[in-house]
């Protein structure tokens, strides 16, 4: 019983981590069709910014986290205008340009020597909580709560605010949205900035579980891609379901088979879903396109 | 590299190295192979080595390969360029096997750092002591998926089963991993009492934070490179408390039975500052510092820079260093044991609040006995 409870609890935590890391990438792609493959670079950048404000300038934790999110949003705006806009609507060029920007950021940090154990963030919530016979650090539970809250917030944003509706309109039918006065550059800028800010939120919540390690930037990109492909980009519920599936599966597999299996599962899930259900488990876009 | 530079500066301050009738200063030239980083291919590291050999033409190489996989591949390159080469970090036992296979071809290569079988043997001795003293029987290995760590854990698994331990699991993580929750879960469900980590990557310290966060009733005994420096207590917010940490070779700790380790720490602190001394890592600084002296002494005895004669003199080395007595066996490996007057030694210390490192192994250097956390063993 303890074994099952342990796997379920850690699986839930892992699902929350996956959801947080994927939300930014998925929101940007879902709202404006921009595949922002610099997501992993922004994720680690905001971790370093938060670390710098917290450890070097001694800002309060919450303020340092907010600083990391703000810088990420600004980087998102710059990314759109300097990297994405010149190749806008050339999908392959967008992928290559953003991927190159992300790799450049990560490898710059490596070149700067930001690779030691000093680069760590303290937990947002200290201490541990015992549920049944399983003890888990309180910060992991905070990550679950934050993921749930952020998921709900985004669902509300997309349906109840003018900006959210404009973004969704642009994603669903660009020409109609343009004819109704929605400005493409504004929408795209907001979507990349919002996605980058969400990457930063994930960073300040997830990175305290480990280190600010440059390789986590590449991992974040893989995770974001896996959750988005499996869940589809149209509905937040799809992302939640994908995160739960992948989170539970990876934790169970790493306990039963060994830690190496988690990355295999992410990659296998991408291949399997693309082959069987290209729109994702709750997505219908591809099916509709094929029907039309 | 700082340990190497310290030794070079000390030698130059005394007039340099006597080559025949002439005294010549030592000069350090270096190249970063980046092989300690995840995902760096071996051929990139070899290309860097060859660039150093062809462009800077060093008379000897110290420190050498970081990763065992690179060391094995580099042996043929070094043999081709005929340069005395004293490696101080890479730990694979395959190095000695390779030298035994062709002693003439590989006559330029030596190792001053600890070899993983010595490390595993020392770890086994300490684990055996803990088992008999505290009545524990359930052990779990967590290690980096690299050659030396796999060799160490492979040896320990066989030993543990023969010694009556129940091996809960043996978990391998790729270089760069930061999530060890699978092992935390396995430790809980498998009722692990002794957790043995074997890692040389900066990210591995996170394991200690995750074990502490889950409040696992386990004792941690092993090697986590970022948990060696005196600054680790603060960096990991006390999560290192109680860990029995092996130090591959003396260097980051001044040990009274090793006078040169006391000198090394004092000189290092004076040259680079106390903060830098406190951050010395647990694998490399001591033998790297000693390697410069070994090479310099060999050149002086040879009276020439001819690589064959220098290598022959390195082979005959018998001197006292930071790591203890330095002598090479027939496979060009410095002999490690428990008596610093006879061999080089490796150490283990236990982290105790409020951030003290108390030496607990070997017996001759121990300041106290190992204490297990409450609830573990008798």
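Throughout, read-outs are computed from the coordinates displayed, never taken from laboratory work. Note that the structure is a prediction, hence the values are computed from the model and not measured. When we count neighbours, we look across all protein chains shown, and the Cβ atoms used for this are built from the backbone with ideal geometry, even at glycine.
Over every pair of different alpha-carbon atoms in region B:2-108, take the mean of 1/r and invert it; report that Kirkwood radius in Å.
Its Kirkwood hydrodynamic radius stands at 15.0 Å.
I need the shape label for region A:2-76. Rule: rounded when a/c is under 1.5, else prolate if a/b > b/c, else oblate, with a, b, c from the alpha carbon gyration tensor.
Here region A:2-76 falls in the oblate category.
Quickly work out the residue B:364-to-residue B:327 label distance, labels modelled 7 Å from Cα along the C-beta direction, and quote it in nm with one decimal.
1.2
For the protein assembly as shown, rounded, prolate or oblate, judged on the Cα gyration tensor with a ≥ b ≥ c (square roots of eigenvalues), a/c < 1.5 rounded, else prolate if a/b > b/c?
Taking the square roots of the gyration eigenvalues as a ≥ b ≥ c, the protein assembly as shown is prolate.
Just checking the output field for A:110-123: average partner chain Cβ neighbours within 10 Å of each residue's Cβ?
The per-residue average across the peptide is 4.
Jot down the per residue volume, in cubic angstrom and as a whole number, of the convex hull over the alpha-carbon atoms of chain B.
Residue-normalised Cα hull volume stands at 123 Å³.
If you line up the long axis of helix B:259-272 against the longest principal axis of chain B, both from Cα atoms, how many degrees apart are they, to the nearest 10?
80
Given R₀ = 30 Å, what would the calculated FRET efficiency be for residue B:55 paired with residue B:76, taking r from the Cβ atoms and rounding to 0.05?
For residue B:55 and residue B:76, the calculated efficiency is 0.95.
How would you classify region B:229-358 from its alpha-carbon gyration tensor, with a ≥ b ≥ c the square roots of the eigenvalues: rounded for a/c under 1.5, else prolate if a/b is greater than b/c, otherwise oblate?
Prolate shape, in that a/c is at least 1.5 and a/b is the bigger ratio.
Kirkwood Rh, region A:2-214, all Cα pairs: how many Å?
After inverting the pairwise mean of 1/r, the radius is 18.1 Å.
Would you mind computing, in nm to one decimal, how far apart the modelled labels at residue B:24 and residue B:191 are, each placed 7 Å from Cα along Cα→Cβ?
6.7
If you take the beta carbon distance between residue A:175 and residue A:82 as r and set R0 to 35 Å, what does 1/(1 + (r/R0)^6) give as a FRET efficiency, to the nearest 0.05?
Result of the calculation: an efficiency of 0.85.
Please compute the average number of Cβ atoms from other chains found within 10 Å of each residue's Cβ in peptide A:213-219.
5
Have a look at the DSSP beta bridges in the protein assembly as shown and tell me what percent are antiparallel, nearest 5.
45
Return the single residue from B:142, B:158, B:167 with maximal mean-square fluctuation; model: Gaussian network over chain B, springs between Cα atoms under 10 Å.
It is B:158.
By per-residue mean of other Cβ atoms within 10 Å, what is the highest-first order of A:160-169, B:23-32?
Per-residue Cβ counts within 10 Å, averaged per peptide and sorted highest first, yield A:160-169, B:23-32.
Efficiency by 1/(1 + (r/R0)^6): what FRET value for residue A:62 and residue B:275, r their Cβ-Cβ distance, R0 = 35 Å, to the nearest 0.05?
Here the calculated transfer efficiency is 0.75.
Roughly how tilted is helix B:285-302, in degrees to the nearest 10 and between 0 and 90, from the longest Cα axis of chain B?
On a 0 to 90 degree scale, this one is about 20.
Tilt of helix B:42-51 relative to the longest C-alpha principal axis of chain B, in degrees (0 to 90, nearest 10)?
30
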